[in-house]
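The values are calculated or read from the model by the stated rules, or taken from the named source; none is laboratory data. Treat the numbers as computed from the prediction; the structure is a model and nothing was measured. Positions of Cβ are generated from backbone atoms using ideal geometry, with glycine treated the same way; all protein chains shown enter the neighbour counts.
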Amino acid sequence: MTTLCVNPACPQPQNEDRARVCTACGQPLLVADRYRCLEVLGQGGFGRTYLAMAEGHDPPLRCVLKQIAPATGSPRSDAAQRFQAEAHRLATLGQHPQIPALLDVIDLDVTDGGQGRFLVQQYVPGPSLDRLLPGLPEAERLALTQRVLYELLPVLTYLHQHGVIHRDIKPANIIVPPAPQPLALVDFGAAKAIVDPEQLKHTATVIGSAGYAAPEQALGKAVYASDIFSLGVSCLHMLTGLHPFDLFSVSDDAWVWRPYAPAALSPALGRVLDRMAHRRLSERYSTAQEALADLRWSGLALGSAQPTAASATKTLPSGAATWEQRFALSLSGAVANGLAISPSGRAIAAACSDGTIRLWDCTNGQAIHTFRKPLGLLGPGHRGPVSALAFTPQGDAIVSGGEDGQLIQWHLADYSGEKLPLAGWQVAALLILPDATLAVGNGDGRINLWPLNREPMRREAPKALIHHQDQVTALAVEPIGRLLVSGGRDRTIRLWSLPSGRLVRTLTAPKQPITALACHPSDGRIVSGDPTGQVQAWSADHPDQGLKIYTAGSPVTALTISPDGGWLAIGTEGGQLNLIDLRAQPQTIQLRQAWAVRALAFTPDSRMVVSAGADETIRFWCYLEINELV
């Protein structure tokens, strides 16, 4: 093993293993008397990167020593300031587990006789992607590409949230450590910190690696989406085994990569890569979160969501999760058509087919109260099956709607009820928006919006949304665009602006009536179910591109997404409860509700899902990590 001299002007930098002074130029070999450089890992305009040993540790610690090239044509104070800024940036970014941590900062100015400026970073063992790719089988290239996207798009999100553009993402800067460590992104020598968004409008240094740099970056105008382009092109390289120069057609001004991609590549994943690597900035993803959201849903379309039987939980691999039934409630002669969980997660309410609204303690299943049908003609109460209900945002009341067209507000402080002055015909869907506006979907295709807690507006007539041509079957809220989403028997999904109620878009692509709806809390994706068992994902930005993400063996009767966005629950007429993990490479867990699933609801902490079945039961399923199983 040799010791390398870090003097850029040294004519013979190789020295013996334990030497302390360079035999060629006489400079000390130990940087700051403690770091011995062993191998050059990389070299560029910003300096060199060495594999080094920190000899102050016992045993000596492997690390990466980055030598900053002396700035030319700039005052010493400016160079020192830039060096300290980079050190501060790396110290912050290095807190992410997939970015090497900053271990030391060495400032020995060569103009004062020192060795120069160095940054010492954590060494991440493992080959870079460009060394791993040659000879890799087609199936492994596809799996590796998906892994790179799932593991590095969150890293880009982290960088961009901290105002940093990497500007040199390529296979050589992606390290593959031994399992189970995630991929690491290295070499931040070209990174740019954005202090003021106005900086993005001005031309700066042209930097990046040829073939991987985005067109705007090649003109000195890198933006956050430039990193998305570079990651997308890196994935095209991985998929095909060909350098970007060999994949780009100058005559067509377009990538020509599909003929060289694995045959198993799904169209959905191909569309994600096309959009990431689009040369036009306006057609590219603007944020890594958007790309990750599309990837998540396209991953479901890849067929990688393999069902896992609940009975097989004891043999699941390390790190997997399952759901197990904790307890069940018997409704004794009634079926719960709807479920709602209080904002605190303590109480669960059921809209029952016998006209009652029943309350239980969600933690132990103890009965709290039952709102019963009225005696005679007096008093509030439903005179037929209750179809839907919801808690108010404060959790102090419940609003219920039934097939009798009534809407009733039940006050939990004294268990009193009051009939709301809303004319309706067969309430089919109901929800309460975060601002306490009540949204009601009716059998005649109308949606009524009415403020629950705002006097004197409460005395005004409800706002009627009238574009559905048949029964409104489901309602949901899309939080990103502040939209009310409605689905109907007329085979449409309609998006309404809030709070105005203005119709902004109609999705006419569904081929079947909509039986259930849910919206992802962080990426805004809309999920719908239909009588044929199809579950599709929709984006408000691309309303004509529904993505089939699951096919059930019977009609879909209920959908819900956990508040943390990690799980999609699907209930079917055949009694299947399917839970799809949305957080990474998808897996599906199948649970069994004896008869048809009528309603689903997650607790606020996302660790319990409750299902109501046609077998007159309500079942409570709890999330368990493998290490929680006995």
Q: Hey, could you check region 472-489 for residues that are β-branched (Val, Ile, Thr) and under 21 Å from the mean Cα position of the chain (by Cα) and say which is surrounded by the most Cβ atoms within 10 Å (Cβ to Cβ)?
A: Val485
**Q.** Residue within region 97-104 that is more than 26 Å from Pro8 (Cα to Cα) and either without any contact (Cβ under 8 Å) to a residue 40 or more places away in the chain or surrounded by 15 or more Cβ atoms within 10 Å (Cβ to Cβ) (or both) present
**A.** yes
Q: Filter region 517-532 down to the residues that are at pLDDT below 95 and surrounded by fewer than 21 Cβ atoms within 10 Å (Cβ to Cβ), then identify the one that is nearest to Gly338 (Cα to Cα).
A: Pro521
Q: For Pro180, work out the one condition from (1) over 18 Å from Ala213 (Cα atoms); (2) in contact with an Asp or Glu (Cβ under 7 Å, 6 or more places away or on another chain) it doesn't fulfil.
A: (2)
Q) Within the set of pairs 6 or more residues apart or between chains, which connect a residue that is over 17 Å from Ile570 (Cβ atoms) inside region 594-616 to a residue that is aromatic (Phe, Trp, Tyr) and part of a loop (DSSP other than H, G, I, E, B) with Cβ atoms less than 7 Å apart? A) Asp615/Trp595
Q: Determine whether Ile549 is surrounded by 18 or more Cβ atoms within 10 Å (Cβ to Cβ), within 20 Å of the chain's Cα centre (by Cα), under 22 Å from Gly441 (Cα atoms) and β-branched (Val, Ile, Thr).
A: no
Q.
Which of the numbered conditions does Ala91 fail, given that it passes all the others? Conditions: (1) touching a His at 6+ places or on another chain (Cβ under 8 Å); (2) free of Cβ contacts under 8 Å to residues at least 24 places away in the same chain.
A. (1)
(Q) Go through region 18-40 and report how many residues are part of a strand (DSSP E or B) and buried (at least 19 other Cβ atoms within 10 Å of the Cβ). (A) 4
Q | The one condition in (1) within 24 Å of the chain's Cα centre (by Cα); (2) farther than 30 Å from Ala79 by Cα; (3) at pLDDT 90 or above that Ala179 fails to fulfil | A | (3)
Q | Enumeration of residues in region 64-87 that are at pLDDT below 85 and in contact with a Leu (Cβ under 9 Å, 6 or more places away or on another chain) | A | Ile68, Phe83, Glu86
Q: Being in contact with a strand residue (DSSP E or B) (Cβ under 7 Å, 6 or more places away or on another chain) and surrounded by fewer than 21 Cβ atoms within 10 Å (Cβ to Cβ) is the filter here, so list the residues in region 231-262 that pass it.
A: Phe248, Trp255, Val256
Q) Would you say Asp109 is modelled with pLDDT of 90 or more, surrounded by 15 or more Cβ atoms within 10 Å (Cβ to Cβ) and charged (D, E, K, R)? A) no
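Rundown of residues vs (1) in contact with a strand residue (DSSP E or B) (Cβ under 6 Å, 6 or more places away or on another chain); (2) not hydrophobic (A, V, I, L, M, F, W, C), yes/no style:
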{"position": "Thr3", "(1), (2)": "yes, yes"}
{"position": "Pro11", "(1), (2)": "no, yes"}
{"position": "Arg20", "(1), (2)": "no, yes"}
{"position": "Leu38", "(1), (2)": "yes, no"}
{"position": "Gly44", "(1), (2)": "no, yes"}
{"position": "Ala54", "(1), (2)": "yes, no"}
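Rundown of residues vs (1) over 19 Å from Val186 (Cβ atoms); (2) at pLDDT below 90; (3) of a type in the set (Val, Ile, Thr); (4) in contact with a His (Cβ under 7 Å, 6 or more places away or on another chain), yes/no style:
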residue	(1), (2), (3), (4)
Ala101	no, no, no, no
Val105	no, no, yes, no
Gln115	yes, yes, no, no
Phe118	no, no, no, no
Ser128	no, no, no, no
Leu132	no, no, no, no
Leu149	no, no, no, no
Thr157	no, no, yes, no
Gly163	yes, no, no, no
Q.
Checking the conditions here, which among Gly405, Gly379, Gly445 is on the phi > 0 side of the Ramachandran plot and surrounded by fewer than 16 Cβ atoms within 10 Å (Cβ to Cβ)?
A. Gly379
Q) So is Pro451 farther than 21 Å from Cys352 by Cα and in contact (Cβ under 8 Å) with a residue 24 or more places away in the chain or not? A) no
